[in-house]
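Have a look at the structure below before the remarks.
The values are calculated or read from the model by the stated rules, or taken from the named source; none is laboratory data. Keep in mind that what you see is a predicted model, and the values were worked out from it rather than measured. For neighbour counting, all protein chains shown are included, and Cβ atoms are generated from backbone atoms with ideal geometry for every residue, glycine included. Quick note on the areas: whole protein, heavy atoms, side chains included, nothing else; ligands and nucleic acids left out. Shrake-Rupley method; radii C 1.70, N 1.55, O 1.52, S 1.80 Å.
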Amino acid sequence: GAVVSQHPSRVICKSGTSVKIECRSLDFQATTMFWYRQFPKQSLMLMATSNEGSKATYEQGVEKDKFLINHASLTLSTLTVTSAHPEDSSFYICSAAGTGLYEKLFFGSGTQLSVL
Amino acid sequence: AQKITQTQPGMFVQEKEAVTLDCTYDTSDPSYGLFWYKQPSSGEMIFLIYQGSYDQQNATEGRYSLNFQKARKSANLVISASQLGDSAMYFCAMREGLGAGNQFYFGTGTSLTVIP
């Protein structure tokens, strides 16, 4: 089955630094990728939809200048948390789906971000 | 209105028993897909089963089956012969229409604990 690789799996950084998270579709072309944020014991919250070659579409309440998304190729999307603060600490998951009604969402393994 | 509703925050089941996790959905689109994902403590999202809106029969995948009641807009997950490894969060999700850009809507999840 299709695989989505997400890196790094865990990152600890100091407040004020930027962190980049990579999401790669390994064996299929993902024209669209989704970025989610998840707090402990809560559901996935869609942050943005990343479209290859165009600007990402952000959900209401998500700061586009804080969470920079780049989808430069059909296999790579990146999320950069700029000037991270402790409140940005969370679990971030990327995903990609194929076309068609029944195409399931393939998830990366997630990135646990801890901002000190 | 919520697109996906999971009313059971937590469930307990005895090992080897069956358990039903509830999910109701809301959509006016005649074409949609319903999905169940398992999220163990490691954080990865594991696809379990899907049901298409036009499918006549309930989906089954090993010990997982989906009780699809279209008129009631419910898509309950049934896990038979529960195992200790089934302890995890379970999310119901829906995708409306076709196209890779259509987002998935997730429920709030159900935490399942299998008791030895």
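Between the residues B:Ser82, B:Tyr105, B:Thr24, the greatest Cα displacement towards the positive end of the dipole of chain B, with unit charges on the Cβ of Lys, Arg, Asp and Glu, is found for B:Thr24. For chain B, the carbon plus sulfur part of the accessible surface works out to 49%, probe radius 1.4 Å. Suppose the Debye formula is applied to equal point scatterers at every Cα of the protein assembly as shown; what is log10 I(q)/I(0) at q = 0.11, 0.12, 0.15 Å⁻¹? For the requested q values the scattering log ratios are -0.56, -0.67, -1.01.
In Å², rounded to the nearest 100, what is the total accessible surface buried by chains B and A against each other with a 1.4 Å probe? List each step's numbers first, then the result.
Working: alone 6370 and 6620 Å², together 11050 Å².
Heavy-atom accessible area buried at this interface is about 1900 Å².
Stokes-Einstein diffusion for chain A, with the hydrodynamic radius set to the Kirkwood value over Cα pairs and evaluated at 37 °C in a medium of 0.692 mPa s, equals 232 µm²/s. With a 1.4 Å probe and all protein chains kept in place, how much accessible area does A:Glu63 have, in Å² rounded to the nearest 10? The accessible area of A:Glu63 comes to roughly 120 Å². Ordering A:Met45, B:Met94 by accessible surface, largest first, gives A:Met45, B:Met94; the 1.4 Å probe counts only protein heavy atoms, with every chain in place. Compactness of the range B:18-96 is given as radius of gyration and Dmax, 12.4, 38 Å, from Cα positions. Within 10 Å of the Cβ of each residue in B:101-109, the mean number of Cβ atoms contributed by other protein chains is 6. Computed over the Cα atoms of the range B:56-116, pair by distinct pair, the Kirkwood hydrodynamic radius stands at 13.5 angstrom. Overall, the ratio between the Cα radius of gyration of the range B:17-64 and 2.2 N^0.38 Å, rounded to two decimals, is 1.32. Karplus-based coupling profile of the range B:105-116, in residue order and whole Hz: 9, 10, x, 7, x, 10, 8, 9, 10, 9, 9, x, with θ = phi - 60° in 6.51 cos²θ - 1.76 cosθ + 1.60 and x standing for Gly or Pro.
How big is the charge dipole of chain A about its Cα centre, in debye rounded to the nearest 20, if each Lys and Arg gets +1 on its Cβ and each Asp and Glu gets -1 on its Cβ? Walk me through the numbers on the way to the answer.
Numbers: 10 positive and 9 negative charges, 44 e Å.
That gives chain A a dipole magnitude of about 220 debye.
Taken as Cα centroids, the range A:13-37 and the range A:64-116 sit 4 Å apart, rounded to the nearest whole angstrom.
Mean partner shielding of peptide A:22-33, defined as the number of other chain Cβ atoms within 10 Å of each residue Cβ, is 1.
Can you tell me the relative contact order of chain B? Whole percent, Cα pairs under 8 Å, sequence separation 6 or more.
Taking the mean separation of contacting Cα pairs over the length of chain B, I get 37 percent.
If you sort A:Asp88, A:Asp27, B:Asp26, A:Asp65 by accessible surface, 1.4 Å probe, largest first, the order is A:Asp65, A:Asp27, B:Asp26, A:Asp88. Counting Cβ atoms of other protein chains within 10 Å of each residue's Cβ and taking the mean over peptide B:38-44 gives 4.
Rolling a 1.4 angstrom probe over the protein heavy atoms, how many square angstrom per residue are accessible across chain B?
Values: 5430 Å² over 116 residues.
Per-residue value: 47 Å².
Hydrodynamic analysis of the range B:39-84 uses the Kirkwood radius over alpha carbon pairs. Inserted into Stokes-Einstein at 37 °C and 0.692 mPa s, it gives a translational diffusion coefficient of 275 µm²/s.
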